[in-house]
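Q: One structure, as structure tokens, below. Some questions next.
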Amino acid sequence: MRHSIDELTAFVAVVELNSFSAAAQKLHITQPALSRRIANIEDEVGETLLVRSKKKIEPTRIGARFYRVAKRLVIEFQSAAAELRTIKEDDTGQVSMSINMTWCSVVMPVIVDRFRSLYPNYTLNIHEGSSPFAVKKVYDGEVDLGVTHKPKRLYGVDFEPMLSEEFVVACHRDHPLAALERIPATELKKHVWMRLLRDELFSSLDWIEFEGAANFPETLVNANHYATILRLVEHDLGATILPRMAIRQFEGRNIVLRPLAEPMIRRTVGLLTKQKRELSPAGEKLSGIVRDVFAEYQASTATIIS
């Protein structure tokens, strides 16, 4: 199949704006020209990709799959075009990365400081979010690299482990679990537990690997962010299991941490890059800085990966 970038851009615009007229206006072309681009795609695919009605335009099942691929290609083209436009003798340009929110506040100040000292004319774009968010950014080609937890399945991306992160039990200092030095699995199911809510938007990216995850208790409260869960723990409404790093912003409050008894639960944090995508010199330097910063953190507080 051969589709021009203009045709793919047109299809993406129609799906996202749910309107031919709005898409044509955004792309600065006439509506008949836009309709021809969509027709060319459907003729080439041999399937109807959009269902049109008076009130809305919806992609068919195949159209929805085509949209996801087209969106990724358009983003990669736009990213490459932007990079080409910024190639100058004075070494300017853009580098982008995604990172799990838990780690962002810990390592990014040092990473940004070192990168800026080497590439003062570069723009560094940081996309912080959940682990599935960070993975998806790399997968869709929207960023040069990502710092996230190890995906269970690696399709089109490479994962380089940097350190291992321990999970611990967090509870209020007056909670019954606070009296225990270590928390056995048999004790977990006796209390109200809270955990991150799995976002349906990223259900296909629900890959984050937790060794020993079968020992997590059934949860009665779910939330989208660790900050919300820890607020509830702070009010003694339950307990949770979370990576030790996530507790940093709540240090010194009424929350105490207790290690889990065997088996230990950990998750691996590493560098995620898209396969067959060559990093720019600045991107390579950024990835090196990331490795160095995590190695320094690992040496001081984290468990070394054998």
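Q: Please go through (1) outside any loop (DSSP other than H, G, I, E, B); (2) without any contact (Cβ under 8 Å) to a residue 24 or more places away in the chain; (3) in contact with a Phe, Trp or Tyr (Cβ under 9 Å, 6 or more places away or on another chain) for residue 124 and return the number of the only condition it doesn't satisfy.
A: Looking at each condition in turn, residue 124 falls short on (2).
Q: Under the condition of being over 16 Å from residue 71 (Cβ atoms), under 32 Å from the mean Cα position of the chain (by Cα) and of a type outside the set (Phe, Trp, Tyr), which residue from the range 2-24 is modelled with the lowest pLDDT?
A: This residue is 2.
Q: Which of the strands (runs of 3 or more DSSP E) found entirely inside the range 206-306 contain at least 2 residues meeting this: surrounded by 15 or more Cβ atoms within 10 Å (Cβ to Cβ) and modelled with pLDDT of 85 or more? Break it down stepwise before answering.
A: On the way: elements: 221-223, 239-243, 255-259, 266-274.
Answer list for the range 206-306: 239-243, 255-259, 266-274.
Q: To continue, here is another question. Starting from the range 21-43, keep only residues that are outside the structural domain of residue 67 (by TED's automatic domain parsing), then list their pairs with residues that are modelled with pLDDT under 90 whose Cβ atoms are within a distance under 7 Å, requiring at least 6 positions of separation or different chains.
A: Note: no pairs meet the criteria.
Q: When the range 15-50 is examined, which residues are found to be in a helix (DSSP H, G or I) and farther than 17 Å from residue 5 by Cα?
A: Initial filter on the range 15-50 (in a helix (DSSP H, G or I)): 15-17, 20-27, 31-45.
Scanning the range 15-50 gives 17, 20, 21, 22, 25, 31, 32.
Q: Condition first: surrounded by fewer than 16 Cβ atoms within 10 Å (Cβ to Cβ), in contact with a helix residue (DSSP H, G or I) (Cβ under 7 Å, 6 or more places away or on another chain) and not β-branched (Val, Ile, Thr). Now tell me which residues in the range 94-127 satisfy that.
A: Matches in the range 94-127: 118 only.
Q: Assess whether residue 146 counts as being assigned to a strand (DSSP E or B), closer than 20 Å to residue 68 by Cβ and assigned by TED's automatic domain parsing to the domain that holds residue 292. Reasoning before the result, please.
A: On the way: assigned to a strand (DSSP E or B): yes; closer than 20 Å to residue 68 by Cβ: yes; assigned by TED's automatic domain parsing to the domain that holds residue 292: yes.
Against the criterion (assigned to a strand (DSSP E or B), closer than 20 Å to residue 68 by Cβ and assigned by TED's automatic domain parsing to the domain that holds residue 292), residue 146 qualifies.
Q: Report yes if some residue within the range 95-107 is in a helix (DSSP H, G or I), within 29 Å of residue 4 (Cα to Cα), modelled with pLDDT of 85 or more and aliphatic (A, V, I, L, M); otherwise report no. Spell out the reasoning first.
A: Step one: list which residues in the range 95-107 are in a helix (DSSP H, G or I), which gives 101-107.
Pick out the ones that are also within 29 Å of residue 4 (Cα to Cα) and you get none.
No.
The values are calculated or read from the model by the stated rules, or taken from the named source; none is laboratory data. Worth saying up front: this structure is predicted, and the values here are computed from it rather than measured. Virtual Cβ from ideal backbone geometry, glycine too; neighbours counted across all protein chains shown.
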